[in-house]
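Here is the structure we will look at, set down as structure tokens.
The values are calculated or read from the model by the stated rules, or taken from the named source; none is laboratory data. None of the values given here were measured: they were computed from a predicted structure. Cβ placement follows ideal geometry from the backbone for every residue including glycine, while neighbour counts extend to all protein chains displayed. We work out accessible area using only protein heavy atoms, side chains counted, and drop any ligands, DNA or RNA first. Shrake-Rupley method; radii C 1.70, N 1.55, O 1.52, S 1.80 Å.
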Amino acid sequence: MARFDDQTELTKSLFADAAAKGEQPWAMFLDQFCTITQADGAGLCIDRESGELWTRGDCPVIDAALRGRLRIDRVYAQDGLPLTDWTKGFLRVVKARIDAASHVTVWLHRGLHRKDFRSADGQLLSALTPFLGQAAQMSMMLGDERADAALSDTIAVRLGAGWIVFDRSGVVQSLSVAAQDWSDREGLRIMDRRRLELRDADAAQGFRSGFATALVSDDPVTVQLPNAELVLSRQDQSDGPKVVGFLRNVLPASAISNDRIAGHFGLSRSEARLLAQLCDGHTLRSAAEALGWTEETARSTSKVIFARLGVSGQPAMIRRIMGSGVWF
């Protein structure tokens, strides 16, 4: 009965570790295995394109060459290992199949100053074998999904894309990293206040009106925020309607290096500086003041920019710049 309980607890910890997102993968399972079998250490290795290996306690490494020679689902003792004379202590080792190209190997170790494992320890390892491949496959799949999710989050942040979830009264329930970054830059402190409180009166009114419309509309509603665009869409959920705001963070052209703009469009640094000012909404006069130029210098430089970009005016220039790869 005790051995059955040990197997149940080991199986639980095996799958718990497979699903966990910790800094020490398989630590709970390996530690518990050592405790139950009174081993000095334990190891686990997942072999697919390369080997990912974890050990706990005093545990030698079963190298890739030896792991490759092991037969599937067979429990080995140290004196039965293929083509090797193991002298580093007492072992119990098993390899299980994950899929056609992947395997998982688990082993227990005791030092030479101690007695060999009991037959019951080998039986426990054998009983666990059918679950090893399943748990390792789960861990691999979740790891791949988390890596994909992290990549998507990174790309979204770099593109200035994010989201904010509101309840029906406008209270912010959660928001993405990109939305939080935008909130911090604008000084809105959304996470502290739990509301999107805009300082600009027109923007605030536009948001309130758009939010009210989104609550009763089946179509998304677009509102303009400071340096961002927010598309509001109602989502009906079990605990009531929510409004999800899909944020596109508009990166100001002045945040892009002049060298990058100049190199991308074949402009001089001075021309790139003026182009950034115009894209950020400045008139020729305000751009000239910001750059310390005369208005005439700004006007003549703008004509050179238009000619090099093949456009006929400031609106066409902005469309050309906004649609270019320089923003990425």
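Some observations on this one:
- In this structure E296 has an accessible area near 120 Å², from a 1.4 Å probe over the protein heavy atoms.
- Accessible area (Å², 1.4 Å probe, nearest 10) - I36: 30 Å²
- Most positive-pole-ward Cα, A288, G325, Q277, against dipole of the range 274-328 from beta carbon charges: G325
- From most to least packed by mean Cβ count within 10 Å, the peptides 238-249, 220-231, 79-90, 311-322 give 220-231, 238-249, 311-322, 79-90.
- Qualifying trypsin sites (Lys or Arg not before Pro) in the range 115-153, DSSP loop, other Cβ atoms within 10 Å at most 12: K115, R118
- Rounded to the nearest 20 debye, dipole of the range 109-170 from Cβ charges on Lys, Arg, Asp, Glu: 380 debye
- Counting only Cβ charges, +1 for Lys and Arg and -1 for Asp and Glu, the dipole size of the range 141-287 around its Cα centre is about 480 debye.
- Full-extension gain in nm, D219 to Q38, via 0.36 nm per residue minus C-alpha separation: 58.8 nm
- Residues listed by number, the range 66-95, amide nitrogen under 18 Å from K115 label point at 7 Å toward C-beta: 78, 89-92
- Förster radius 30 Å - calculated FRET efficiency between L142 and D236 (Cβ-Cβ, nearest 0.05): 0.50
- For the set K21, K12, solvent exposure ranked by accessible area (probe 1.4 Å, protein chains only) runs largest to smallest as K21, K12.
- Relative to the longest principal axis of the Cα atoms of the chain, the long axis of helix 177-186 lies at roughly 40 degrees.
- Prolate/oblate/rounded call for the range 40-98, Cα gyration tensor, a/c under 1.5 rounded: oblate
- For the range 168-215, trypsin sites (Lys or Arg not before Pro) are listed when DSSP marks them as loop and at most 15 other Cβ atoms sit within 10 Å of their Cβ; the list is R168, R189, R194, R195, R199.
- The range 1-68-the range 254-285 distance, computed between alpha-carbon centres (Å): 57 Å
- Value of [θ]222 nm, deg cm²/dmol, for the chain, DSSP H segments ≥ 4, -39500 (n - 2.57) each, nearest 500: -15000 deg cm²/dmol
- Computed from point charges on the beta carbon alone (+1 for Lys and Arg, -1 for Asp and Glu), the dipole magnitude for the chain about its Cα centre is near 420 Debye.
- For K12, the aspartates and glutamates whose Cα comes closer than 18 Å to its Cα, not counting residues fewer than 8 places off in the same chain, are D31, D121.
- Model label points for I155 and F306, set 7 angstrom from Cα along the Cα-to-Cβ axis, are 3.8 nm apart.
- Only protein atoms count toward the accessible area here, which uses a 1.4 Å probe; on the range 21-80, the carbon and sulfur part of that area reaches 42 percent.
- Computing FRET efficiency as 1/(1 + (r/R0)^6) for R48 and Q123, where r is the C-beta to C-beta distance and R0 is 35 Å, gives about 0.75.
- The mean sequence separation of alpha-carbon pairs under 8 Å and at least six residues apart, normalised by the residue count of the range 150-219, gives a relative contact order of 21 percent.
- Evaluated at q = 0.14, 0.21, 0.23, 0.26 Å⁻¹, a Debye calculation over the C-alpha positions of the range 268-328 (equal weights, vacuum) places log10 I(q)/I(0) at -0.34, -0.76, -0.91, -1.15.
- Inter-part distance, the range 82-145 to the range 195-222, computed on C-alpha centroids, equals 58 Å.
- The long axis of helix 269-279 is offset from the longest Cα principal axis of the chain by roughly 80 degrees.
- Helix 2-19 axis versus longest C-alpha principal axis of the chain: approximately 20°, rounded to the nearest ten.
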